[in-house]
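Down below is the structure, laid out as structure tokens.
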Amino acid sequence: MAEVLSSALAWQEDRQVEWHYIAPGKPMQNGFVESFDGRLRDDCLNERLFTSYRQARNSIEEWRIDYNVNRPHTSLNGLTPNEFATRSRSDHNMNRANL
């Protein structure tokens with residue numbers, strides 16, 4: 001377990017990703033993850049009965065692709081996450097001021 005944590009912290013440092021601790025029992029400290037987890041549960045997991053791990057992995061992967069490539073997100077001004085991620089850096093900076 002310590003090796004996994006060390007590896008994750010090294011990845012985070014290499015990419016200069018900010019790390020924020022979420023206290024146990026305080027899920028609202030990260031509302032974005034809670035919102036995503038709810039969507040995954042409601043749109044994918046609760047809609048299917050999986051008979052194998054392979055089927056679950058395939059269904060979740062199909063849902064993930066749809067969620068990131070096809071679905072517009074209101075938090076991204078109607079863009080899909082894929083469209084948002086592939087915009088130019090100047091577009092990111094311009095919209096960041098409007099958030």
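Filter segment 1-46 down to the residues that are open to solvent by less than 60 Å² (accessible area, probe 1.4 Å) and small (Gly, Ala, Ser), then identify the one that is modelled with the highest pLDDT. Here the answer is Gly38. In the condition set (1) part of a helix (DSSP H, G or I); (2) among the small types (Gly, Ala, Ser); (3) within 30 Å of Ser6 (Cβ to Cβ), Gly25 is compliant with all but (1). Out of the residues in segment 47-85 that are assigned to a loop (DSSP other than H, G, I, E, B) and surrounded by 11 or more Cβ atoms within 10 Å (Cβ to Cβ), state the one that is modelled with the lowest pLDDT. Restricting to residues being assigned to a loop (DSSP other than H, G, I, E, B) and surrounded by 11 or more Cβ atoms within 10 Å (Cβ to Cβ), the top hit is Asn77.
Pairs meeting the criteria (first residue in segment 49-73 and among the aliphatic types (A, V, I, L, M), second residue at pLDDT below 95 and assigned to a helix (DSSP H, G or I), beta carbons under 7 Å, at least 6 apart or on different chains) are Val69/Asn82.
The values are calculated or read from the model by the stated rules, or taken from the named source; none is laboratory data. Values in this document were obtained by computation on a predicted structure and should not be read as measured data. Glycine gets a Cβ as well: all are built from the backbone with ideal geometry, and neighbour counts include every protein chain shown. These accessible areas exclude ligands, DNA and RNA; they are computed on the full protein's heavy atoms, side chains included. Shrake-Rupley method; radii C 1.70, N 1.55, O 1.52, S 1.80 Å.
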